[in-house]
Amino acid sequence: MVNENLVKDVVKEPYKYGFVTDIETEKIAKGLNENVIRLISQKKEEPEYLLDFRLKAFKKWQKMKEPDWAGLGYKQIDYQDIIYYSAPKQKEKISSLDEVDPKLLETFDKLGIPLTEQKKLTNVAVDAVFDSVSIATTFREELAEHGVIFCSISEAVKNHSDLIEKYLGTVVPASDNYFAALNSAVFSDGSFVYIPKGVTCPMDLSSYFRINSGDSGQFERTLIIAEESSSVSYLEGCTAPMFDTNTLHAAVVELIALDDASIKYSTVQNWYAGDEEGIGGIFNFVTKRGKCLGKRSKISWSQVETGSAITWKYPSCLLLGEESVGEFYSVALTNNLQQADTGTKMIHIGPKTKSTIVSKGISAGNSINSYRGLVKMGTKAKGSRNYSQCDSMLIGDQASANTFPYIKSQQPNSEIEHEASTCRISEDQLFYLQSRGIQFEEAVSMMVSGFCRDVFNQLPMEFAAEADKLLALKLEGSVG
Amino acid sequence: MQIIEKIKTNKSFDNQTEIQKICLDKLKSSPLPNPKSEEWRLSNKSKFSNFLDYSLNEKDQKFDTPFPNTSQSNIRLVIGDNCQINLINENYSIKQLSEDKLVKYIKEQISCFDQNENWSDLLNLSLNCKKNTLGLKISGSEIPPIEIFSHASSNSLNAKTLIIFLEKNCDIDLLQINLGKDNSSLSQSTFFCLEENSSLNHGVVSYGENKSNLLNSLNVIQQKNSEYNLGSLHFKFNYARFEIRIKQSEGNAKTNIKGMQITKKDEQISTYTKIDFNGPNGFLDQINKSLADDKSHAIFEGSIIVPKIAQKTNASQLSRNLLLSNLAQIDTKPQLEIIADDVKCKHGATISQLNEEELFYMRTRGITLTEASKLQLSSYFQEIISFIPVSKDKWDLLDKLLNEN
């Protein structure tokens, strides 16, 4: 069918961020053992408790088995064939951005990330992470005026050790799952955010993760703490060069919201997805979880997942506080031989908690796109509510779309609603739009945009524009 | 779990049939289903082992019918009760399946069994002897409604198998009743093959007594242009598992399923369904209702599989659940696995309690809370019960359910 082929062509937008930055890096030898962990910890000049945390996690990881329940097909990962620490060589301490290697600045420039002063026009503070280390964090002084701490996690370990010791691993314990344990043992860098009581963060915060090296894994860790009555919107973007080997990315994100606090966490994930034959691409095994500890606290996840060869990601909310709210808005697009198994977990523990799940999956090519979610009402979740909606769109007759919602209730005084549907871009609809003088590509874009609207409406302005562009750029595009 | 021990040693079964041998062989290496598999993960372990604790009942048990008299026109059959039937008249014929055909068909089925998914069938077929198997071949039209009973005897494990071939253009109503007795286990496996243009209105009513257990497995193969309607009801079992597997072998078939399970005390009743569309233009409308009270646990897992060949499939699945007590729990997992792109598939799930506003409305009109709850429940039940064919009114199912609650 002519139209179907056209739709497939439209989906095939080449990956724009596949370049490699030629920069001198400091790498440790491949392989993972206790000494490697001690070495990472030593390089980062970490206190004793953190080394302990890492070693305990490593011991647990050694006893664990790689999960296979998601039914993802990928070749076995050789954990001894990965470099666990890789950092661009630069002067030890950077006092200003001028001292950052121009090549690095250029890289982030190419990616459209404004790090240099003249480009800091947008009102977004950025923490840029290159392989294993954080390169620069912008707008720090401005944020500090409001008492907001926004820095790399390594810096936080040095300067805000009490907070790290108190909260690290409290939402995602080291033994949570195989990849979280691995991350806890070897995490290199990531972002740390602390919003003090009563503060509404004056600007959006953003992290940008770039994998540059083909043989090193990226294991970043993000920790966000929102104190009473504070609020923050956090954005995350990721890209990687094109290699014909698979690179492992196993991150952990922990969010903590206290009374009346609100955290909005948005991701545009555009890691390299491998080529049409499925060679190369990032293995993206991520554990993201938020804990609504306080009363009336709120955590909202929104994500646009377009990259990675394999995605295994379930941003979740633990709703402990009374009347706390969890939200999950997701668009996942898979093409060629990509596999995505993504969804969310909403664990209602406290009374009168509410959660909303809106998931849109688009599968094209020979890809597999699965929604896997859990909604659980605990015995104390009286008066709680959940609403879930997961829709799939299929492009071509080789792609598969699966829905696996697990629903469990132990509380009669709670309500759970779930709906799912499947559709495709039909020829009738295309014909209708085309007969009204709308170009084919625009028509496809309009339909996909309409399909994803519920989610895009939830993205912050900066990302919403990007997401729209992403659509206009035929489903695969730029990242902010 | 003496049955499992027996299977492991294999020798204690006398006069094994060919089918028994094949199934025992399959079970020997791993006699129990994998408790971590998706199909068995939620199954209560102690209740399941209680199911297997009884010794196998191989004797003939006289069946004393505590049931309403059947009307003259109905055909009533009891599996295991030396059941023989051979009815041939100008419009229709109901014949016993020949031994060869029966064995051939079951062997075909076993060849595509999955150890976990079809464990209940494997157990059933390895325990069952000839006299507890009923195989029928039905053809023609204007066939009187049929009622088929399977029952368990106290303090024993009973295995019954039913195989029915519906020939082309055949149209029947069939009510299957599974009865549990005090401290008993019943393993019921049913195989239907619906040939082209045939239609089956199937009712399954299973109810037990104190501490009775049930493993009820239903396998249906639908050829093109066939229609299969199922209304099912399971209640009063300490442990019950209802597995439905339907395959539309060439597509172009219609399937309607309306099922309900009611759990009380510390009972666990689960329903697993797998609908496989193996050709284009398939249709499915499924609704499953659960009601869980006291400390009970109700489970529903339904999967719809739409491969590339099954274009223009129209499938919907709805799981509606009522949770009436703080200590009860409900697990539900409706799932879709789709590859064909030109399909309409949807599913939905809800868990809630009785509607408080409606209750309040009725109470303001002078209806007591108990009566108002009953009214609401009766409308909840009625949708399913009205779908069960053959003399359902005589069974007073609604009364049985309402007075229980």
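General remarks:
- Per-residue average of Cβ from other chains inside 10 Å of B:327-334: 6
- Helical runs assigned H by DSSP (4 residues or longer) give chain B a calculated mean residue ellipticity at 222 nm of -6000 deg cm²/dmol, each run adding -39500 (n - 2.57) before division by the residue total.
- Cβ-Cβ FRET estimate between B:LYS374 and B:ASN314, R0 fixed at 35 Å, reported to 0.05: 0.45
- Percent of alpha-carbon pairs separated by more than 32 Å within region A:2-472: 38 percent
- Of all DSSP beta bridges confined to the protein assembly as shown, the antiparallel ones make up roughly 10%.
- Region A:154-181 and region B:284-334 have Cα centres lying 39 Å from one another.
- Kyte-Doolittle at least -0.5, axis length at least 20 Å by Cα - qualifying DSSP helices, chain B: B:369-385
- Remark: spin-label model distance B:ASN86-A:GLU276 equals 6.7 nm, labels positioned 7 Å along the Cα→Cβ axis.
- Extension gain (nm, one decimal) between B:SER49 and B:SER29, 0.36 nm per residue minus Cα-Cα: 5.4 nm
- Point-to-point label distance, B:ASN169-B:LEU398, nm (Cα→Cβ direction, 7 Å offset): 3.8 nm
- Per residue, the Cα convex hull of the protein assembly as shown amounts to 181 Å³.
- Peptide A:422-431, shielding by other chains (average Cβ, 10 Å cutoff): 3
- The Rg/Rh ratio for region B:252-405, using Cα coordinates for both the radius of gyration and the Kirkwood hydrodynamic radius, is 1.04.
- Efficiency of FRET from Cβ geometry, B:LYS95 and B:ASN197, R₀ 22 Å, rounded to 0.05: 0.70
- Alpha-carbon centroid distance for the pair region B:115-193 / region A:193-266, whole angstrom: 58 Å
- Least to most buried among A:ASP275, B:ASP341, A:ASP22, B:ASP396 (fewest other Cβ within 10 Å first): A:ASP22, B:ASP396, A:ASP275, B:ASP341
- Per-residue [θ]222 nm for chain A (sum of -39500 (n - 2.57) over DSSP H runs n ≥ 4, rounded to 500): -7000 deg cm²/dmol
- Sorted peptide list for A:60-67, B:281-288, A:180-187, criterion being average Cβ within 10 angstrom, highest first: A:180-187, B:281-288, A:60-67
- Residues of type lysines that A:LYS158 reaches as a straight line, Cα spacing below 17 Å, ignoring anything fewer than 8 places off in the same chain: A:LYS43, A:LYS44, A:LYS93, A:LYS166
- Full-extension gain in nm, A:GLN76 to A:GLU141, via 0.36 nm per residue minus C-alpha separation: 18.9 nm
- Unsatisfied cross-links (Cα-Cα over 24 Å) in the set A:LYS264/B:LYS333; A:LYS56/A:LYS288; A:LYS352/B:LYS344: A:LYS264/B:LYS333; A:LYS352/B:LYS344
- Across peptide A:364-373, the mean count of Cβ atoms from other chains lying within 10 Å of each residue's own Cβ comes to 1.
- Quick note on region B:2-249: its Rg to Rh ratio, both from C-alpha atoms and Rh being the Kirkwood radius, is 0.95.
All of the numbers you see were taken from the coordinates with simple rules; none came from a lab. All of these numbers come straight from a predicted model, not from anything done at the bench. Every residue, glycine as well, gets a Cβ built from its backbone with ideal geometry; the counts of neighbours run over all protein chains shown.
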